Amino acid sequence: MQTTVRQLKTGLTGTIEIPSDKSISHRAIMLSSLAFGKSTIKNFSKGQDPISTLNLFKAMGVDTRFTDENTLMINSTGKLISSKNELSCGNSGTTMRLVSGILAGQNFDSILTGDESLSKRPMKRIIEPLSLMGTKIESLEYHAPLKIYGQQLVGIDYVSPLASAQVKSSILLAGLFAKGKTSFTEPYKSRNHTELMLEYMGANITCNNTKTTIQQSQLEAKTIEIAGDISSAAYFIVAALIVPNSDIILKNVGLNPTRTGILDVCKQMGANIEILDKKTVSGEAVGDLRIKYSKLKACTIKGDIIPRLIDELPIIAILATQADGETIVKDAQDLRNKESDRIKSVVTELSKLGAIIKETSDGFIINGKTDLIGDCEVETFKDHRLIMSLFVAGLICQKPISIKDFEWINISFPEFEKLFNNLYS
Ligand code: S3P
């Protein structure tokens with residue numbers, strides 16, 4: 001589906017509620033399925049990726065049912081049963097990598113498959129440590145499909161070369177089934193939703209900055225209320241900052257410090273963002289944000305902040321086109337392994353719009369402030385985050401832009417366009 005976006009002549013105004021966090025939704029299904037009893041998941045994400053995770057656990061015998069549009073009940077014996085069929089993870093890297101850790105510790109074998117994009121994404125990062133724990137995983141040169149031979153696992157003390165929450169979570173989930181202690185140390189702290197939820201559900205887990213240790217545990221069924229997704233909020237944050245005369249409020253935004261790198265960058269660029277009404281819900285920080293159109297200056301984004309904003313780098317690139325000076329993004333080479341090669345795709349598509357942007361091996365450099373021209377069709381590589389970023393760019397392009405494969409936003413954010421409509425005055 002092709003969508004045309006036109007320049008907004010008035011600012012964005014009003015208040016919207018940010019829908020459920022995708023990362024937390026995945027984990028809520030997985031951990032509730034491993035817990036004995038009835039769990040209630042409130043504000044569950046309707047994105048296709050979490051639905052892929054839900055379908056997998058249904059196929060492994062877990063009883064799941066929606067009691068209203070966003071409330072999911074999970075009734076589990078705490079034990080998974082082997083599915084006769086291959087398990088499809090769709091487009092979702094989080095599903096494939098985290099579920100691999102769980103399946104490695106089962107007393108049955110499984111096959112995980114993915115769509116075209118997921119089948120190109122690297123799996124060596126989980127296959128190596130899970131193999132050290134005693135499982136065997138067959139793959140196509142470290143790519144999906146993965147055949148996982150469930151085993152009695154043994155704990156490891158793993159020092160990861162990557163700051164990746166997916167790898168960390170995969171190993172910690174395997175650690176739930178392993179004999180002895182399993183420790184995971186990462187170079188920088190990545191998102192810690194798995195650790196927080198494991199703790200909330202009674203697992204034997206300790207976290208010491210970048211080192212996390214877990215032991216075999218039986219999880220307790222709980223009510224889990226999921227915060228709004230800061231990665232979804234990011235498109236509205238940037239849109240309000242760059243569309244003149246904007247002033248919006250975003251309600252129920254997850255503010256876990258391992259995810260708020262975008263707010264730190266915005267602040268450094270001089271953005272006018274206020275945090276209102278901060279609280280803790282199911283172990284996670286949540287609050288409302290007020291964002292006003294702002295004059296912005298460039299900054300450098302590198303090092304330990306990268307895992308705290310990894311999914312926001314495409315939309316930060318749009319922000320940087322409207323900041324005075326040179327914005328440098330480095331240490332972000334893993335962007336090349338996302339739903340598209342996000343370094344290349346951001347650079348080629350923003351260049352078409354008239355941005356001054358240069359590709360580097362581990363990021364990009366943008367010179368601003370530039371008037372974006374538009375008047376073109378952009379490629380999206382079926383990458384949901386690139387599509388939503390280009391949509392926001394279209395709101396300030398002088399001439400309309402046409403975006404291909406727009407329906408791929410459904411991977412994480414089916415409500416995206418409707419919520420934008422609510423802010424047009
Ligand atoms: C995610 C972790 C990040 C992120 C992805 C979701 C998660 O991936 O990019 O969208 O839910 O754990 P990496 O762990 O590969 O950096």
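The values are calculated or read from the model by the stated rules, or taken from the named source; none is laboratory data. Small disclaimer: the values here were computed from a predicted structure and weren't measured. Because the Cβ atoms are built from the backbone with ideal geometry, glycine has one as well, and the counts that use them run over all protein chains shown. Please note that ligands, DNA and RNA were not included when accessible areas were found on the heavy atoms of the full protein model with its side chains. Shrake-Rupley method; radii C 1.70, N 1.55, O 1.52, S 1.80 Å.
Annotations
- Ordered by solvent-accessible area of protein heavy atoms (1.4 Å probe), largest first, the residues Asp405, Asp157, Asp331 come out as Asp157, Asp331, Asp405.
- Anchor Lys147: lysines whose Cα lies under 27 Å away (excluding residues fewer than 8 positions away in-chain): Lys22, Lys58, Lys79, Lys84, Lys120, Lys124, Lys136, Lys168, Lys179, Lys181, Lys338, Lys382
- Distance from the alpha carbon centroid of the stretch 349-424 to that of the stretch 76-96 works out to 33 angstrom.
- For the stretch 408-416, 3J(HN,Hα) computed residue by residue from phi via the Karplus equation (6.51, -1.76, 1.60; θ = phi - 60°) reads 5, 4, 5, 4, 10, 8, x, 8, 3 Hz, glycine and proline entered as x.
- Surface composition of the stretch 22-225: carbon plus sulfur atoms hold 48% of the accessible area, using a 1.4 angstrom probe and ignoring ligands, DNA and RNA.
- Legend: distances between Cα atoms for Lys42/Lys251; Lys292/Lys369; Lys295/Lys418; pairs beyond 20 Å are Lys295/Lys418.
- Shape category assigned to the stretch 30-102 from the gyration tensor of Cα positions, a/c cut at 1.5: oblate
- log10 of Debye I(q)/I(0), alpha-carbon scatterers only, for the chain at 0.13 Å⁻¹: -1.11
- Ordering Thr4, Thr135, Thr185 by accessible surface, largest first, gives Thr4, Thr185, Thr135; the 1.4 Å probe counts only protein heavy atoms, with every chain in place.
- Accessible area per residue for the stretch 262-320, computed on protein heavy atoms with a 1.4 Å probe, is 40 Å².
- What the stretch 26-175 shows is 39 Å² of accessible area per residue, with the surface traced by a 1.4 Å probe over protein heavy atoms.
- Amide hydrogen neighbours beyond the local backbone of Ile301, cut-off 5 Å, H modeled: Ile328, Val329, Lys330
- Ellipsoid semi-axes for the stretch 22-225, based on the Cα gyration tensor and the rule √(5λ), read 23, 20, 16 Å when sorted largest first.
- Residue (of Leu8, Ile396, Phe416) at the positive-pole extreme of the chain, dipole from beta-carbon charges: Phe416
- Considering only Tyr200, Ser76, Thr210, the residue lying farthest towards the positive end of the dipole of the stretch 22-225 is Thr210, judged by Cα position with unit charges set on Cβ.
- Accessible area (Å², 1.4 Å probe, nearest 10) - Tyr142: 90 Å²
- The dipole here belongs to the stretch 93-217: it is taken about the Cα centre, uses +1 on the Cβ of Lys and Arg and -1 on the Cβ of Asp and Glu, and is about 180 debye.
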